[in-house]
Structure formats: C-alpha cells, structure tokens
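Trainee: Sharing a structure below in structure tokens format, with a few things to ask.
The values are calculated or read from the model by the stated rules, or taken from the named source; none is laboratory data. Note that this is a predicted model, so its numbers are computed, not measured. Note that we place each Cβ from the backbone using ideal geometry, even for glycine, and neighbour counts take in every protein chain shown.
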Amino acid sequence: MKLNGVVRRDPETPGHLGEDRIEVDNAPLAASERIYLMLNKPRGVVTSASDEKGRETVYAYLPKKLPWLAPVGRLDKASEGLLLLTNDSEWAARITAPETHLDKMYHVQIGAIAEDSLLAKLREGIPTDEGGFLRVKDARLLRQGDQNSWLEIILDEGKNRQIRRLLEHFQLEVLRLVRVAIGSLALGHLQKGATRLLTSEEKKALDRAMEFRQPRER
C-alpha cells in the first residue's frame, strides 16, 4: 500500500479517504458509493446476515450486486415494516443513537379494547428491573373491533423490545407490530418484502431532523 506516494507496510497505518491519496497495487482506492435502502420487512424474517437456526433473513430480500449493507437498528422476528440498511456506518450510528431522539412510528394491534387509561399509562411508563424506565412518547387509538384495537405508538428512544415489554406489563397480547415511519420517512405503499433506495430529499430530511432534534426533557 502507498499513502501519499510513500510505501506503508503496516496494515493499521491511518488514512483518510477524500483527503489522503491511497493506492493498492498501484491503483487508487476510492470510497464506495453510499447506499441508503429501505425494506418493508415481512413478519417472521430475522434482521441479521445469517441465522444459526436456518431462518430466513432480511438479506434474502435485498437486490443483487449491491455492496455490503448493514441494518440500521433492528426489528425483531415477529415485527414487520420499515427497516433501513446502509453501508454508511456513521450515519447509521446517528440514526440509532439514544441522544438523537428521532421519532419512530409504529402501528400495533393488541388483543383487547384500548381504553384512554391504557394510553395514559403507556405515556407515563413503567420502571424496569434494570433500573431504567420504559415509556412511549405518544400513543393514540387508530381503530378497534369487537375484541382488538390498533394503536399508533411513537418512540423517540430505542430500547430492546420496548413496545412489547410495555404491553406485556399490562398483560396485553401483541397481535401485529408494524413500523410505519422513521422521522419524516414513511413506509408508504412499499410492498411487503420490497426495497427501494431513499431519494436525496428523503436522506436530507432525515439529516435535518437529526441535526435539529433536541433531547426530550425527563
């Protein structure tokens, strides 16, 4: 490897793409194109590159001939909806960082009639055994049938199985859990299992939301 015309034999020699001239086998090394992809993750699919149990993963749904992409956060196996994937690790870290407080919207079907008191309890939250706290930023009733309800729930922090753990605390069965938006980016009419690239406008809108989002007061 050459760094700015000087041969370097230490593989850990630091270099900066876009600033330093890096050559491998006398050919310049260029930064790979940044890819920002959204997937409508089907239920029952695992958010990982491989699975020791042989279950289907989200990588079965990605277009061929793309560079390696990593999921931005996770959706558990039983959850579905909007999942971002990218090869921009710094951007992914900002999307998922707790201090960003970027809104994520979910539509959740529960096996009960939702009363106003339940919505208030979800906003109020519950303490956890680990000394933390679980709550939602907002919750409202979308519609209900004779024995079930659809809720719209907004989170601005990402804790493991946050919605499911909250509802389980109140002994409520989660029938479906669908992430429908991240910030201003909506799942829209993207078919289940389908993917598409984010537009430049969508990417910029997420960047602006992260730049100006202020931490929520506790």
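Per-residue answers, yes or no, for (1) farther than 22 Å from residue 50 by Cα; (2) touching a residue at least 24 places away in the same chain (Cβ under 8 Å); (3) of a type in the set (A, V, I, L, M):
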| residue | (1), (2), (3) |
| --- | --- |
| 65 | no, no, no |
| 71 | no, yes, no |
| 76 | no, yes, no |
| 79 | no, yes, no |
| 86 | no, yes, no |
| 90 | yes, no, no |
| 95 | yes, yes, yes |
| 99 | yes, yes, no |
| 105 | yes, yes, yes |
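Trainee: Looking at segment 80-196, what strands (runs of 3 or more DSSP E) fall wholly within it and have at least 2 residues that are not assigned by TED's automatic domain parsing to the domain that holds residue 37?
Mentor: It comes to 104-110, 138-144, 149-155, 174-182.
Trainee: Which residue, of 123, 140, is among the basic types (Lys, Arg), modelled with pLDDT of 95 or more and in contact with a helix residue (DSSP H, G or I) (Cβ under 9 Å, 6 or more places away or on another chain)?
Mentor: Criteria check complete, one pass: 140.
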